[in-house]
Amino acid sequence: MSIHVTLPDGSVKEVAEGTTPAEIAASIGKRLARDAVAAEVDGRLVDLTAPLPGDCTLKLHTGATPEGLDVLRHSAAHLMAQAAKRLFPEVKVAIGPATEEGFYYDFDTPRPFRPEDLEAIEHEMERLAREDLPVVRQEVSREEALTLFASQGETYKEELIRELPVGETLSVYRQGDFVDLCRGPHVPSTGKLRAFKLLSLAGAYWRGDEKNAMLQRIYGTAFADREALEHRLHMLEEARKRDHRKLGRELELFSIDEEVGPGFVIWHPKGALLRTVLEDFERREHLKRGYQIVMGPQLLRKELWERSGHYDNYRENMYFTEVEGQTYGIKPMNCLAHMFIYKSKLRSYRDLPLRFFELGTVYRHEKSGVLHGLTRVRGFTQDDAHLLCTPEQLQDEITGILAFVKDVMDRFGFSYEVELSTRPEKSIGDDEAWERATEALRQALQTHAIPYQVNEGDGAFYGPKIDVKLKDALDRRWQCATIQADFTLPERFDLTYVAPDGERRRPVMLHRVILGSIERFIGILIEHYAGAFPTWLAPVQAVLLPITDRHIPYAQKVQGILRSRGLRAELDDRNEKLGYKVREAQLQKIPYMVVVGDKEVEQEAVSPRLRSGEARNLVPLDEFVRQLEEEATAHLR
RNA sequence: GCCGGGAUAGCUCAGUCGGUAGAGCAGCUGAUUCGUAAUCAGCAGGUCGUCGGUUCGAGUCCGAUUCCCGGCUCCA
């Protein structure tokens with residue numbers, strides 16, 4: 001008998017004896033025996049106490065490996081359920097998985113949990129962990145499982161079991177008085193759980209369906225050791241500090257006021273400037289790539305929305321207004337006007353592809369509970385484009401857009417993931433068109449070897465889409481760029497072009513955005529940079545700090561020079577000490593704090609201080625202007 | 001939309017048992033003219049989210065409502 005053992009650190013050992021992974025871990029070392037949480041036998045994740053077959057490959061996991069951490073967190077979820085049931089015997093448990101960040105468990109409770117309950121449950125968890133209860137796997141038949149959970153009144157578990165095929169063998173895990181339906185694996189005993197924390201309370205629908213009962217969810221996180229847990233808690237705290245809603249106010253970028261309307265953003269001077277810089281960047285990038293800038297109206301006749309299918313499929317999100325017996329819909333999307341540009345004259349295949357770009361402001365009535373700072377609003381501007389091309393050109397156009405997305409995301413240093421979303425239940429168009437559109441998107445991803453996940457039924461109502469999800473500072477994923485293939489709207493609006501053979505053909509339409517919505521993207525940017533925007537984006541690039549009143553004229557002169565070069569320079573001429581002005585500029589995260597005093601005036605120089613704290617002394621004025629100009633235009637090259 | 005929590009000065013927050021509101025920062029005025037993260041003094045600032053109820057009396061208790069926060073569902 002010989003067993004290849006891969007240790008958590010990646011090293012490999014050859015072991016001759018052993019009946020369980022736990023035994024083998026113990027034979028290798030005390031530390032490993034203590035830290036191991038699960039094992040992988042011939043690629044299958046199992047309990048440490050699972051019997052080993054003769055010859056096999058074995059991989060031992062601790063909380064340091066992704067698989068081990070998952071097991072640890074899943075076990076922490078069980079521990080939490082056990083603690084909750086002990087303190088509140090009348091609660092019923094639903095499901096409690098590990099997540100990317102930690103774990104949660106959903107409960108049905110006679111009264112909602114309160115924050116102080118979390119503390120009590122956490123203490124109980126600590127007690128149960130100290131008791132080091134063995135966690136035991138038991139295989140039972142479907143019928144035995146049903147009887148077991150029915151006898152405990154666990155109706156949610158019953159419902160889950162009933163959906164499994166008759167005759168199936170299931171596994172349950174016991175720890176002390178608590179038993180849970182679970183595939184496993186789990187840590188061998190509760191003492192393995194040494195670092196966990198309950199984080200928040202929330203409502204969650206049973207099985208994620210809005211029509212089902214609302215359960216009480218408790219979120220928590222767990223790590224292999226205290227240190228890793230503390231690090232995570234520290235990161236959460238850091239993330240809170242860079243919340244774009246907080247920074248948006250502190251940096252005077254924007255506000256959202258109840259009196260004005262929830263979900264409607266008011267851009268203050270600095271925010272509007274930031275937004276303008278971003279929009280200018282976008283216009284330039286689009287023109288470079290052969291797009292044409294267009295603009296459509298905010299209101300379009302209701303009949304048009306009926307023809308496009310928006311009225312049937314998107315009405316509950318639309319605002320309507322009626323004047324003199326005519327009903328107009330405020331646009332929730334920009335495509336219709338673009339189609340009318342296409343239709344305004346006879347198009348030849350020689351004209352295609354056509355790429356219409358619009359910074360299009362749209363209004364969507366989002367449900368009240370979903371609004372969130374800049375990232376979920378009711379009025380927003382999309383960097384929207386509609387590409388009209390022949391079916392033969394479709395691949396190249398999609399590829400071009402994917403390259404565009406990459407270029408732009410690289411500019412901001414964002415990583416992202418790609419998803420392919422297929423036909424939803426509520427949709428227009430025939431199966432064949434959907435199939436062709438989906439295939440076109442898939443082909444483009446495959447030929448460029450772009451890894452992607454499939455998101456069944458998550459497409460737009462008029463076509464499938466490629467979604468790009470970028471990751472923000474809180475490691476939340478945000479949908480920004482999306483590419484949607486559409487064979488249906490060209491049909492509904494009878495778009496045609498003249499083919500080489502003189503026949504009228506139907507063009508394909510691509511809907512796409514790169515940043516998604518300017519509002520959302522800026523919200524993400526604020527958190528990404530923690531408000532310290534790179535110089536090219538910073539609303540204020542330099543602030544002049546005269547040391548006393550007699551240095552103000554020189555500071556004004558420098559400001560004038562910078563402004564004449566298109567650089568965004570402010571002057572802090574308040575009667576305050578330098579330290580005070582530096583502090584404020586630092587808090588405003590202005591890239592350059594330019595100190596001017598006697599020496600600078602005398603030498604026609606400046607002493608710039610960076611946000612990092614680095615101070616440069618007496619840089620010749622023309623040299624500083626040149627450097628700043630170079631930095632501020634980096635994005636144009 | 002759903003579950004839970006919350007709303008006091010521009011901001012961050014205190015306000016005990018129901019007895020008519022307080023701090024720091026910001027603002028204003030004055031003094032100070034200063035070299036890299038807060039100079040000093042004075043002044044002003046509030047329909048306690050809104051509406052209704054209980055009470056001799058409500059920031060405080062009850063109800064409704066609006067908005068916000070944490071999630072769920074939905075989504076750019």
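The values are calculated or read from the model by the stated rules, or taken from the named source; none is laboratory data. Every value quoted in this text rests on a predicted model; they were computed, and no experiment measured them. Cβ atoms come from the backbone with ideal geometry, glycine included; neighbour counts cover every protein chain shown. The accessibility values were calculated without ligands, DNA or RNA, using every heavy atom of the protein model including side chains. Shrake-Rupley method; radii C 1.70, N 1.55, O 1.52, S 1.80 Å.
Per residue of chain A, the DSSP helices (runs of n ≥ 4 H) give a summed -39500 (n - 2.57) that works out to -11000 deg cm²/dmol at 222 nm. The distance from the alpha carbon centre of region A:279-294 to that of region A:209-257 is 36 Å, rounded to a whole number.
Enumerate by residue number the GluC sites (Glu not before Pro) in region A:29-94 meeting two conditions: DSSP loop (anything except H, G, I, E, B), and at most 12 other Cβ atoms within 10 Å of the site's Cβ. Here the sparse-neighbourhood loop sites are A:Glu90. DSSP beta bridges confined to chain A are antiparallel in about 85 percent of cases.
Across chain A, the mean sequence separation of Cα contacts (distance under 8 Å, 6 or more residues apart), normalised by length, yields a relative contact order of 8 percent. Here the peptides A:183-194, A:257-268 are ranked by packing, the mean other Cβ count within 10 Å, and the order with the highest first is A:183-194, A:257-268. Remark: relative contact order (region A:1-101) = 25 percent; criterion is Cα-Cα distance under 8 angstrom and separation of 6 or more residues. To the nearest Å, what is the center-to-center distance of region A:503-578 and region A:305-379, using C-alpha atoms only? Cα centroid of region A:503-578 versus Cα centroid of region A:305-379: 30 Å apart.
Per residue, the accessible area of chain A comes to 47 Å², computed with a 1.4 Å probe over protein heavy atoms only.
Taking every C-alpha pair closer than 8 Å and separated by at least 6 residues, the mean separation divided by the residue count of region A:161-224 gives a relative contact order of 25 percent. Oblate is the label for region A:249-401. Its Cα gyration tensor axes, ordered a ≥ b ≥ c, give a/c of at least 1.5 and b/c at or above a/b. Angle of helix A:66-87 to the longest C-alpha principal axis of chain A, folded into 0 to 90 degrees and rounded to 10: 70°. Once the Cα-Cα distance is subtracted from the 0.36 nm per residue extended length, the A:Ala150 to A:Tyr319 segment shows a gain of 55.9 nm. When a/c is below 1.5 the answer is rounded, else prolate if a/b is larger than b/c, else oblate, so apply that to region A:150-221 with a ≥ b ≥ c taken from the square roots of the Cα gyration tensor eigenvalues. Here region A:150-221 falls in the oblate category.
For chain A, the longest principal axis of the Cα atoms and the long axis of helix A:552-564 meet at an angle of about 90 degrees. Which shape class, rounded, prolate or oblate, goes with region A:14-150 when its Cα gyration tensor gives a ≥ b ≥ c as root eigenvalues, a/c under 1.5 marks rounded, and past that a/b bigger than b/c marks prolate? Prolate. Here the peptides A:487-494, A:525-532, A:361-368, A:506-513 are ranked by packing, the mean other Cβ count within 10 Å, and the order with the highest first is A:506-513, A:525-532, A:487-494, A:361-368. Taking every Cα-Cα distance in chain A and sorting them into 20 Å bins from zero, the calculated P(r) comes out as 15, 36, 35, 13, 0 percent. For region A:186-245, applying the loop criterion from DSSP together with a ceiling of 13 other beta carbons within 10 Å to the GluC sites (Glu not before Pro) yields A:Glu210. For chain A, the longest principal axis of the C-alpha atoms and the axis of helix A:518-528 are separated by about 60°. A Förster radius of 45 Å combined with the Cβ-Cβ distance from A:Asp177 to A:Tyr452 puts the calculated FRET efficiency at roughly 0.50.
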